[in-house]
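A.B. asks: So that we are looking at the same thing, I have put the structure below in structure tokens.
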Amino acid sequence: MDRKQMYIEAAKKRLHGNENLRDKMRGCKFDTIAVHGLYSMKEALDFNQGSIVEPIYLTTSQVYRDADEMELALEYKIPSWIYTRISNPNTYYLEAVLSLLEEYKSGVTASCYVTSSGMSAIRTVIDEFLHYDRKVDGKPFNFVAPSQIYGGTYQLFSERKVKESNIEWRKVAEASNIQEWESLIDENTRFLYGEIPSNPVLSFFDIEKVARLAHSHGVPLIIDSTVATPALLRPLALGADIVVHSATKALTSSGFGTSGAIVARHNISAKSDNEEMKRDFCNYLKRLPGRDYGANLSPLQAVLTINDIRTLRMKIDVMSKNAMKVSQYLESHRNIEKVHYLGLENHKYHDIAKRFMFLVDSEFDDQYRKPINRYGYLLSFEVVGGWKNARTVFDNLSMIWRAADLGKVKSVATLPTISTHSQQGKDARMKGAIPDNLIRLSVGTEHADDIISDLERALAVLD
């Protein structure tokens, strides 16, 4: 056997072992997957000197035994991380755990590609469907998505794609109206996109129905599931093709740095002749476009995110229960006009969210022993008296942090008008149901009584 064949056979053996481990982990509960991922005792003993946690590979590249091994690696004929811009053991471990969590109990096989931020993940995904010939019958390509999305995504769509690239964004005014979605799709539509729940007013829609609609037109459904996380919602199980995350948020709840993630089912729907891309979207991105764009995640950040994911379900449960208590308090407060939280029965999308949002594995939890609805950590509220009063309340928060962030173990508030959604302008904010007196609140894991006390002190300044 020549050296090249020897390396290929060794690679096959290791890949077989990895697939066996992946299959074994698929039989475990969510928390076990979150803790272990694909980093096993065998992996530790064979490659990492027995370290019980994933070592940090703070290095740019990999050494090879000889030219034959290097040639095979660079041709992607044997598994190798080659260069950290392409891959790295730490990003591999993170991608493994995220793909397993997103495909949990779905019957779907998925893969993952992690990036330097949530926005880089979104851009990397949508560009893949928009960079071919951009016109059919002289008309520009288009995509369909609601107006209720994160401000950074709104800018990417409206400025970078619509104004700079002549791509048409067909906006859905009412996300729950399936007929409206359908009326906007034509032969030039390249994907459907939605944020579930949306930031900051928590819009929602029936993912199953929109996925079926997308597939009937041969295009993918892309879901930004940042706010939900796989602890509450797994869109691939409901028919979505691709899930994107700003892993900066609740997946890295400690707040240590930015990261993004793309998780895609195998064999996605797409109007494309690129069979390799459709067959394994994330692996294709990593090997080719991602390699060339350089949107890679740093090894250190990958490890920090892995460590936060280990307790994801438990943290999301506590944050969700806290958010429910805070919402109920705010709902009855004299200085609050309106509270936006999916857990409140008067929320416009409560009934839809109730069908889809559950704390994963709550039926196996001794505390619950049945499926339990949880609605996440994000809420927003409108202060009486308009913009000036909202700003006054915001300025008087003392424990809740004033910052343009969410999903942290520390409670964080922001004013979308001057932060996350400032660039899109007042008219676009109004279409997205974001008034000037809105405060967005990401509820952390502090005791709910202390969060409420801080809000009570801040709201009392209006009396």
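A.B. asks: So, in segment 74-111, how many residues would count as being crowded, with 20+ Cβ neighbours inside 10 Å and either of a type in the set (D, E, K, R) or assigned to a strand (DSSP E or B) (or both)?
C.D. replies: Selection size over segment 74-111: 5.
A.B. asks: Of all residues being among the β-branched types (V, I, T) and buried (at least 23 other Cβ atoms within 10 Å of the Cβ) in segment 174-206, which is modelled with the highest pLDDT? Just the residue, please. If you could, list the steps in order and put the result at the bottom.
C.D. replies: If we filter segment 174-206 for residues that are among the β-branched types (V, I, T), which is where we start, we get 178, 185, 189, 196, 201.
Keeping just the survivors that are buried (at least 23 other Cβ atoms within 10 Å of the Cβ) gives 196, 201.
Details: I196: 97, V201: 89.
So the residue we want is I196.
A.B. asks: Evaluate segment 16-31: report whether one residue or more is part of a helix (DSSP H, G or I) and over 23 Å from N283 (Cα atoms). It would help to see each step written out before you state the result.
C.D. replies: To start, the set of residues in segment 16-31 that are part of a helix (DSSP H, G or I) comprises 16-26, 30-31.
Filter again for over 23 Å from N283 (Cα atoms), leaving 30-31.
For segment 16-31, residues part of a helix (DSSP H, G or I) and over 23 Å from N283 (Cα atoms): present.
A.B. asks: Does Y113 meet the test of being modelled with pLDDT of 95 or more and in the same structural domain as A264 (by TED's automatic domain parsing)?
C.D. replies: Details: modelled with pLDDT of 95 or more: yes; in the same structural domain as A264 (by TED's automatic domain parsing): yes.
For Y113, the condition - modelled with pLDDT of 95 or more and in the same structural domain as A264 (by TED's automatic domain parsing) - is met.
A.B. asks: Let me ask something additional. Would you mention how many residues in segment 148-169 are of a type in the set (S, T, N, Q), crowded, with 19+ Cβ neighbours inside 10 Å and under 23 Å from A270 (Cα atoms)? Write out each step before concluding.
C.D. replies: Taking segment 148-169 as the starting set, the residues that turn out to be of a type in the set (S, T, N, Q) are 148, 153, 155, 158, 165-166.
Those left that are additionally crowded, with 19+ Cβ neighbours inside 10 Å: 148, 153.
With under 23 Å from A270 (Cα atoms) added as a condition, the list becomes 153.
Counting residues in segment 148-169 that are of a type in the set (S, T, N, Q), crowded, with 19+ Cβ neighbours inside 10 Å and under 23 Å from A270 (Cα atoms) gives 1.
A.B. asks: Which ranges mark the helices (runs of 4 or more DSSP H) fully within segment 285-334 that have 1 or more residues being modelled with pLDDT under 95? If you could, list the steps in order and put the result at the bottom.
C.D. replies: Details: elements: 289-293, 299-309, 312-331.
Here the list reads 289-293.
For every residue, the table says whether it meets (1) under 21 Å from N437 (Cβ atoms); (2) more than 20 Å from the chain's Cα centre (by Cα).
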residue	(1), (2)
L342	yes, no
R369	no, yes
V383	yes, yes
G386	yes, yes
N389	yes, yes
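A.B. asks: Show me the helices (runs of 4 or more DSSP H) entirely contained within segment 381-463 in which 3 or more residues are of a type in the set (A, V, I, L, M) and touching a residue at least 60 places away in the same chain (Cβ under 8 Å).
C.D. replies: Values: elements: 387-395, 425-431, 448-460.
It comes to 448-460.
A.B. asks: Let me ask something else about it. Would you please list the contacts, defined by Cβ atoms under 8 Å and residues six or more apart or on different chains, that run from a residue in segment 356-369 that is in contact (Cβ under 8 Å) with a residue 24 or more places away in the chain and farther than 23 Å from D206 by Cβ to a residue that is charged (D, E, K, R) and not in a loop (DSSP other than H, G, I, E, B)?
C.D. replies: From residues that are in contact (Cβ under 8 Å) with a residue 24 or more places away in the chain and farther than 23 Å from D206 by Cβ, the pairs are D361/D31; D361/R313.
A.B. asks: Search segment 214-226 for residues that are of a type in the set (D, E, K, R) and pair each with any residue that is outside any loop (DSSP other than H, G, I, E, B) when their beta-carbon atoms are under 6 Å apart and the residues are at least 6 apart or on different chains.
C.D. replies: Every condition considered, the pairs that remain are D224/E195; D224/V244.
A.B. asks: For segment 51-73, what are the residues that are over 16 Å from I86 (Cβ atoms), of a type in the set (A, V, I, L, M) and outside any loop (DSSP other than H, G, I, E, B)?
C.D. replies: Across segment 51-73, the qualifying residue is only A67.
So that you can scan it fast, the table gives a plain yes or no per residue for (1) over 18 Å from V227 (Cβ atoms); (2) without any contact (Cβ under 8 Å) to a residue 24 or more places away in the chain; (3) in contact with a strand residue (DSSP E or B) (Cβ under 9 Å, 6 or more places away or on another chain):
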| site | (1), (2), (3) |
| --- | --- |
| N267 | yes, yes, no |
| A270 | yes, no, yes |
| D273 | yes, yes, no |
| K278 | yes, yes, no |
| R313 | no, no, no |
| A323 | no, no, yes |
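A.B. asks: Take N437 and tell me if it is polar (S, T, N, Q), out of contact with any His (no Cβ under 6 Å at 6 or more places or on another chain), within 23 Å of Y150 (Cβ to Cβ) and not assigned by TED's automatic domain parsing to the domain that holds F256.
C.D. replies: Values: polar (S, T, N, Q): yes; out of contact with any His (no Cβ under 6 Å at 6 or more places or on another chain): yes; within 23 Å of Y150 (Cβ to Cβ): yes; not assigned by TED's automatic domain parsing to the domain that holds F256: yes.
Taking the combined requirement at face value, the residue satisfies it.
The values are calculated or read from the model by the stated rules, or taken from the named source; none is laboratory data. This one's a predicted model, so the numbers in the text were calculated from it and none came from an experiment. Positions of Cβ are backbone-derived with ideal geometry, glycine not excepted, and every protein chain shown enters the neighbour counts.
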